[in-house]
Amino acid sequence: MSPTSTAMQIREVGPRDGLQAEEPVTIEARVTLINALAAAGLKHIEAVSFVSPKAVPQMAEPSVVMDQIDRQADVTYWGLVPNRRGAEFAVEAGMDAITVTISACPVYNEKNINRTIDESVEAIGDIIEVADGRPVDAVLSCVFGSPYTGDEPTASTPELMTQLAGRGVTTFTLADTTGMATPQRVERVLEITGSDIGLHLHNTRGTALVNAWHAIGLGVRRFDTALGGLGGSPFAKGAGGNLGTEDLVHLLNDAGNETALPNDTGIDLDALMNAGPDLAEAIGHSLPSPVATHGPR
């Protein structure tokens, strides 16, 4: 597979996936983070999720958060929803696009969202009905390995994608939920799914950035990242944070100058660096991203 496009799309998931792994922060801190990310040039931001506040108190009051942000016309604000009712709340809150999660591993799917894969496919169909034409991106977890089975379910992944596309899912993001991927595993999966997908990479074993770099060379142009490298799965012991937004932008800014690979993300690295200290103060500890810690070269 060779790159077919020079356009890069980075979806910032820090306000949702990143903060979901932390102790709850104030609505003001969440609003400040979302606004800072938009000001830095992020055009896709997963801002909130419409889940039960009893189950995920970090994501309480998503509609209030969306009411208070300085909404930018050129930014797509994504909301994660688990079911039809969540989709209804998302539509009422004016979300531009919707993310849904489903696992390639049946065991993880039941532990994460208490459904079988078939039940999840049905629920996603209901969500798409409510979405009323909004883009719906399905994030497929454990594609590169499962913490419960160890399997790399490459054979079932395209079948699941075909099922979901039939339901109306518009795009797909393949998630390395517990950081089990390596460049070789990424390449094996892309050989059967193609490169017209997004990647959601975790840095549990320090491979997120090298996996992204290898995937870019294979034609992938969409990535989920989180400011500061925050994130992790509460349903997978030892899961590390997301690929840091600063880390990927820093690499692309430099690499594109000397290669044929894309480097124009439209994201201001200095602005990201300036947003980091406020985020660290809100969560009460330093950020794991190497670029956030040591600065750009």
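Every number in this text was worked out from the coordinates using simple rules, so none of it is lab data. What you see is a predicted model, and the numbers here were worked out from it, not measured in a lab. Note: ideal-geometry Cβ built from the backbone for every residue, glycine included; neighbour counts use all protein chains shown.
Of all beta bridges DSSP finds with both residues in the chain, what is the antiparallel percent, to the nearest 5?
Numbers: 1 of 33 bridges.
Antiparallel bridges: around 5 percent, rounded to the nearest 5.
When all alpha-carbon pairs of the stretch 9-294 are counted, what percent fall beyond 29 Å?
Working: 10643 of 40755 pairs.
Above the 29 Å cut-off, the stretch 9-294 has 26 percent of its Cα pairs.
Can you compute the FRET efficiency between Q184 and Y148 using 1/(1 + (r/R0)^6), with r the Cβ-Cβ distance and R0 = 25 Å? Round to the nearest 0.05.
Values: r = 22 Å, r/R0 = 0.88.
After rounding to 0.05, the efficiency reads 0.70.
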Give, as ranges by residue number, the residues of the stretch 81-123 whose backbone N falls under 15 Å from the point 7 Å along Cα→Cβ of S156. 102-122
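For the chain, what does the helix formula give at 222 nm: sum of -39500 (n - 2.57) over DSSP H segments with n ≥ 4, over the residue count, nearest 500 deg cm²/dmol?
On the way: 11 runs with 116 residues, N = 297.
Per the formula, -11500 deg cm²/dmol.
Roughly how big is the stretch 9-294's charge dipole about its Cα centre, with Cβ charges of +1 (Lys, Arg) and -1 (Asp, Glu), in debye to the nearest 20?
Numbers: 18 positive and 38 negative charges, 110 e Å.
Roughly 540 debye, rounded to the nearest 20.
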Expected sort for T265, T178 with the fewest Cβ neighbours (10 Å cutoff) up front is T265, T178
Once the dipole of the stretch 1-115 is set up from charges on Cβ (+1 Lys and Arg, -1 Asp and Glu), the residue from the list A40, P82, S52 lying farthest towards its positive end is P82
At q = 0.16, 0.26 Å⁻¹, what is the base-10 log of I(q)/I(0) for the stretch 140-185 according to the Debye formula with one equal point scatterer per Cα and no solvent? Please give it to two decimals. -0.44, -0.94
Volume per residue (Å³) of the convex hull spanned by the alpha carbons of the stretch 78-225 is 99
Please arrange D254, D270, D176, D17 by how many other C-beta atoms lie within 10 Å of their C-beta, fewest to most. D270, D254, D17, D176
Under 15 Å from the T116 label point (7 Å along Cα→beta-carbon), backbone N, the stretch 71-96: none
